[in-house]
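Heads up: the structure comes next, in structure tokens.
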Amino acid sequence: MKIKRILQTLAGFAITGSSIAALAQDRIEVRISPNSESTIIGELEARSLAVDASWPESTEPVPGWKPIHYRGQFFVYLDSEDLGKNFLPLPGSKYLLSPSPSAPTLAIATETDKAEIVSIDPRYCHVNLETIVLGYIEDNTTVAPPAVQTAPPPVAPVKAPQTAPGSPPVEKIDGILVSTNASETRKTGYDFKIINTNNETLAYLDHSSILTAEAVVEYVNTQLTAYGTIVKPDGAAFIVLNASSLKKKS
């Protein structure tokens, strides 16, 4: 009888262990971009808890991934120059995932954020942020639609847009899109710029005619091709690309 009780106890432990393992396997990683190499920003205990979201405007859906609204508490960084009165983040500033101007942007600050400044140093503030962000989870049920024609349609962003006679020529710039820091944004008036692999600035980006700032964040820290017209502000030592289209490089 004693041996029987021991076997029953061991069987119970085995069932409990299997249940815990199953729950652990069901936990879903939430990433900042639809890419298995991108930063993990949170975790869902079950796929059924995912709140579906729409793909950002002008962003092509990625097969095998699904955008979701993710509520969480995040430890993020804020450029100290973006700290306003009453020690609150200035609306429009960037919550960064690490203390670097080229770090991925988790979200853009608004007046309604629940943001607590944990520590302040001359360069970056450490912020405890509670908010809802756009994240991505793997979705193996998503498959690419079957081909319905033999020849693929032309991809508009890859082809330079046509311009009317007398209009400025459309230029193409290949590079990496990054966020500018707070002082650079105030100096130039632009939140993003395109750099080369040597971290040299090729042009600041004026995205106002095609995308919102939140949508442009999807392109940050990726290699891309940008089309548009180039202008040089009066008295400035830099150039600006008035973008008409952006295309990530695969």
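We did not get these values from a lab; they are worked out from the coordinates using the rules stated. Please read all numbers here as calculations on a predicted model, not as lab measurements. Quick reminder, even Gly has a Cβ in these numbers, built from the backbone with ideal geometry, and neighbours come from all protein chains shown.
Worth pointing out:
- Nitroxide proxy distance, nm - points 7 Å out along Cα→Cβ at residue 116 and residue 239: 4.9 nm
- Applying a threshold of 22 Å to the alpha-carbon distances of 172/232; 94/193; 94/172; 85/114; 94/249; 85/187 flags 94/172; 94/249 as lying beyond it.
- Annotation: the antiparallel percentage among DSSP beta bridges lying fully within segment 159-248 is about 90.
- Proximity of backbone amide H atoms, modeled 1.01 Å from N, is registered between residue 239 and 204 at under 5 Å, excluding neighbours fewer than 5 places apart on the same chain.
- Cα-based shape type of segment 43-134, given that a ≥ b ≥ c are square roots of the gyration tensor eigenvalues and the cut on a/c is 1.5: prolate
- In this structure, the amide hydrogen of residue 74, modeled 1.01 Å from its nitrogen in the peptide plane, lies closer than 5 angstrom to those of 129, 130, 131, counting only residues at least 5 positions away or on a different chain.
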